[in-house]
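The values are calculated or read from the model by the stated rules, or taken from the named source; none is laboratory data. What you are looking at is a predicted structure, and each value in this text was computed from that prediction instead of being measured. In this analysis, Cβ positions are derived from the backbone assuming ideal geometry, glycine residues included, and neighbour counts consider all displayed protein chains. Remember, those area values only see protein heavy atoms, side chains included, never the ligands or the DNA or RNA. Shrake-Rupley method; radii C 1.70, N 1.55, O 1.52, S 1.80 Å.
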Amino acid sequence: MHNNNYIIKVSDEFPLGATIRYSKDGWLLISTGKKTVFSYNPFTKAKIRLPDLPDDYVLRGMSFSTTPTSRNCVVIAVSNWCPWASDIGCGNAKISFLVCDLQKSSSGWNAHLFTYEYNIYDDFMPCINNPVFYNGAFYCLDYNGLLGVLDMRGDFCWKILSKSLRQFNSIYPSFLVECDKKLLLVNLGQNGKSTEIYSLDESEMAWVKLASLGKHAIFISYTSSFSVVAPRSYMENNVYFPRLYGERVLYYSLDTYRYHCVGSNQYSSQDFHNTKEISNCTWIEPNWSQASLCQEPE
């Protein structure tokens, strides 16, 4: 996005009902049916088949660490089970990670399932948005601002950070994003009436409110969120949403504390009124690299 917005439709490449799960480095994670998952680059049309999801796997989110053509790429699929839905007397909840990698295999992708129990009074309920790979670990956000961390260094350790802030309302969405080598959280109020940004203070493992993004812009969605150094000065200090006002993309300015739309100086609003959210979509950074695939496309 420089002077215009570009929308790419990938529906012709996959069966009806295909769902975009995640986006990073120009690649998408797309699921079809209940089990099948692909990595897909809509610019080069390259496709990589990943291991199937387990039977009856209730998918909460997906993510990957680096470009799927890299031998170091790790893909995770998150599922969680809450016992109070069926058995109030049970004291533990479970979260599962299906971890797919190539590092120990020359023939294709490996899949490993890791399941962890934690006390239900930790009240950790993963958001429907996706984990973020940051400093060698996948960070998962819950609805109240609590962080869980799956550390990929060593034995795939999962822990919930007890000091991370619980000040957010679980009704309204929050999003994790890496920006300028920091982990940020974007928190929205009802109908977008507030947009607040926090940075993780790693010494205290607590959220600290930010007033500015500097020269960066943030793009958020339920599937994937990322930041860039703004390619144009008018994009600096903005948060972009998968929402349209008419045919124009909506963004929030931390300079004006109001919503505007790309390419127009006429629109200004304090919330999402008269805007429309785009479903089954994601932001994507173009990647035209024809790097050799770790697996032949199907």
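Summary of values
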quantity: All positions within segment 218-240 that are of a type in the set (Phe, Trp, Tyr) and open to solvent by less than 10 Å² (accessible area, probe 1.4 Å); calculated: Tyr240
quantity: Residue within segment 83-94 that is modelled with pLDDT of 90 or more, part of a loop (DSSP other than H, G, I, E, B) and surrounded by fewer than 19 Cβ atoms within 10 Å (Cβ to Cβ) present; calculated: no
quantity: Filter result (assigned to a loop (DSSP other than H, G, I, E, B), of a type in the set (D, E, K, R) and modelled with pLDDT of 95 or more) within segment 228-264; calculated: Glu236, Asp255
quantity: Qualifying position, being open to solvent by 20 Å² or more (accessible area, probe 1.4 Å) and among the hydrophobic types (A, V, I, L, M, F, W, C), among Leu210, Leu250; calculated: Leu210
quantity: Sole exception among (1) touching a helix residue (DSSP H, G or I) at 6+ places or on another chain (Cβ under 9 Å); (2) in contact (Cβ under 8 Å) with a residue 24 or more places away in the chain; (3) open to solvent by 50 Å² or more (accessible area, probe 1.4 Å) for Lys215, by number; calculated: (2)
quantity: Number of the exception - Trp158 against (1) outside any strand (DSSP E or B); (2) open to solvent by less than 50 Å² (accessible area, probe 1.4 Å); calculated: (1)
quantity: Residue list for segment 190-212, restricted to those being part of a loop (DSSP other than H, G, I, E, B) and touching a residue at least 24 places away in the same chain (Cβ under 8 Å); calculated: Lys193, Glu204, Met205, Ala211, Ser212
